[in-house]
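Encoded as structure tokens, the structure appears first; notes follow it.
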Amino acid sequence: MTDSVEIAIIGAGPAGVAAAVAAAEAGAQVMLIEEQPRAGGQYYKQLSPALLPKHLPPSLADTTQHGRELLAKLKHPNINLRCQTLVWHITPERVLELYAPSGGSRLQAKKVIIASGAYERVVPFENWTLPGVVTVGAAQLMLKGQGVALGEKILIAGAGPLLQLAAAQLIEAGAKVAAIVELQSRSEYLLNASKL
């Protein structure tokens, strides 16, 4: 049997949730499909309130609060949130093949929005496994989950706009960011920043 929906949105991170809320508030029936156990994506990674540190940096506390407010809107009656569900195929006719722990299913959608989000891509380099060398994502997870800034003096290297966000959050948590090494050229960075 194939279920049907007006709009299927793949990914329940910030973009997918915002699209689902906007579509639902405009009257559309939406199915929001998320591979992970909870909505929120990497940006609004939602932790149990019992695990949240009491002393988050103000901007991180604001982000966490904004994420909770946005995710609360998923209770809209026009939104059906399906977590732990993987979209493994989409036909040209917009039939989505889904897989969840309960088994496989099909969904016919009039429209499909793909908001699959961002993942940290780690490119191994010499000595990257030494103690004290962590990815920006790992540093943010420790800050968000435990309220701990990894290290007192930090060098951030990589590519993309999340480096600046991580640096600001670490500084606010009391760490000293010695430098941000952006691996893209200025023109590449500005070109990509305009797409955000």
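A short reminder: the numbers here are calculations on the coordinates, not readings from a lab. Because the structure is predicted, anything quoted here is derived from the model rather than measured. All Cβ positions, glycine included, derive from the backbone under ideal geometry; neighbour counts span all protein chains shown.
Electrostatic tally near Gln164: other residues with Cβ closer than 13 Å to its Cβ, Lys and Arg +1, Asp and Glu -1, net -2. Computed from phi, the 3J(HN,Hα) profile of the range 68-81 under the Karplus parametrisation 6.51, -1.76, 1.60 (θ = phi - 60°) reads 5, 5, 5, 5, 4, 6, 5, 6, 3, x, 8, 10, 10, 8 Hz, with x in place of Gly and Pro. With a sphere of radius 13 Å drawn around the Cβ of Ile9, what net charge do the other residues whose Cβ falls strictly inside it have (Lys, Arg +1; Asp, Glu -1)? Around Ile9, the surrounding residues sum to +1.
Modelled this way, with points 7 Å down the Cα-to-C-beta line, the labels at Val181 and Thr135 are 1.8 nm from one another.
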